[in-house]
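Only one structure is covered here, and it is reproduced in the block below.
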Amino acid sequence: MDIRIRLSLALVFVSLLSMMLLGTFAYYTSSNLLQEISLRQLDALAESKRRDLNKVYDGWEDNLRLVREIKQLRYAIRDYVENDDPQGLRTIQNTIQGITVAVKEIDKLIIFDTNGEEITSFGRSKVNHSKVPIGDDVTYVGTFLSEDGPRVVMNTGVHLDGAHIGGIELIMDASDVFDVTGDYTGLGESGEAFVVIDIGEKLVVLNPLRHEVDGFMGEQIQESASGDFKTVFTQVEEVPTEAQKDYRGKWVWLATRYLEEMDWGLVVKVDVSEEGKRALVLRESLFDIAVALSAFAIIGGALLGFYLARPIQELAVVVERMRHGESGLRAEVKGDDEIAYLAESLNEFLDHLEQEQRDKNA
């Protein structure tokens, strides 16, 4: 095989191998960076949604505090508790009826005496729970699931002139949570967010899920729960770098937050397959670039190989012509490299041969 062809093939091979190694390194490095970016975005979204859920909870507390601070209600409770005043009872009933009708989020409002016994109530609710002591400040009783959706129960003590005169309990619609979890901005076509509550042996989703799965009703047994459910109550807020299987059996990346005040677990997740599409787009782009560079490398390598091998080819032509009887030929000396030294040596050798020939003829 001609040296020019061999040199050209060697240059092309080295170029293609270098591009392949560089492309592989760039692809895996970029894929890892894309995954890191996705996980950071998830972490930021989880933190944002936790703040939003805390604001929802603060709103529930504010509602209860506003009810507690109504002077007419406090005086009526005191009159009824201390004097068993029928007018006080009517005032209580009219006041809580007006509050319950005015504030749509309130399902039921219950008034208690100093012994924790119910005085009166207004509204309807299917929530039933065991008796809970009423403290001085707002107390979160719990989150309950009913046919009408999730409900939050909170209570607080009522004071007047520094004296404890009774208590108030609010049962409120918790569907405000849906506004937070139902916002899928930044989660793509398959990502979602949901709140999980622990009800003993089961973990139950508080809000509607984005995906429907046959036979899945939004609850799982703790011991056999999927990765997105069982990691939420670990109270470890570092974003897992390993993918988890969710309730659909899909691999996901997720970020979790534990809301201690409500004992809720927040999950924000995206499908690995969807996030991986960005890496696939990157791979296709790198492949297109590699094809273009390969064509350039083949053409450029061939031309460069022929150019670099030309001085050697010229030396070979000189030697071949001398072998066929031509005389007076000399190689052209150009540059300051090994090929130039070889050309000088060849010229000296030819001078020596011609000098010997002249000496013989003399």
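Values in this text are rule-based calculations from the coordinates and carry no lab data. Since we're looking at a predicted model, the values are computed, not measured. For neighbour counting, all protein chains shown are included, and Cβ atoms are generated from backbone atoms with ideal geometry for every residue, glycine included.
Figures for the structure shown
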item	result
Cross-link pairs K55/K108; K49/K269; K230/K250; K108/K202 - those with Cα-Cα distance over 19 Å	K55/K108; K108/K202
Net charge over other residues, Cβ less than 9 angstrom from the Cβ of G265 (K, R count +1; D, E count -1)	-1
Summed residue charge, Cβ within 10 Å of Y184's Cβ, Lys/Arg positive, Asp/Glu negative	-2
Sum of side-chain charges, N94 neighbourhood, beta-carbon under 15 Å (Lys, Arg +1; Asp, Glu -1)	+1
Karplus-derived 3J(HN,Hα), 6.51/-1.76/1.60, for each residue of segment 83-99, Hz, glycine and proline x	10, 6, 7, x, 5, x, 5, 5, 5, 4, 4, 5, 5, 5, 5, x, 5
Radius ratio Rg over Rh of segment 95-190, counting only Cα atoms, Kirkwood formula for Rh	1.08
Peptides 144-156, 186-198, 164-176, 213-225 ordered by average Cβ neighbours within 10 Å, highest first	164-176, 186-198, 144-156, 213-225
Antiparallel DSSP beta bridges within segment 162-271, as percent of all bridges there, nearest 5	100 percent
Rel. contact order, % - alpha carbon contacts under 8 angstrom, at least six apart, segment 59-177	26 percent
Per-residue Cβ neighbour rank within 10 angstrom, fewest leading, R323, R65	R323, R65
Long-range HN-HN contacts of I119 with modeled amide H, under 5 Å	I111, F112, D113
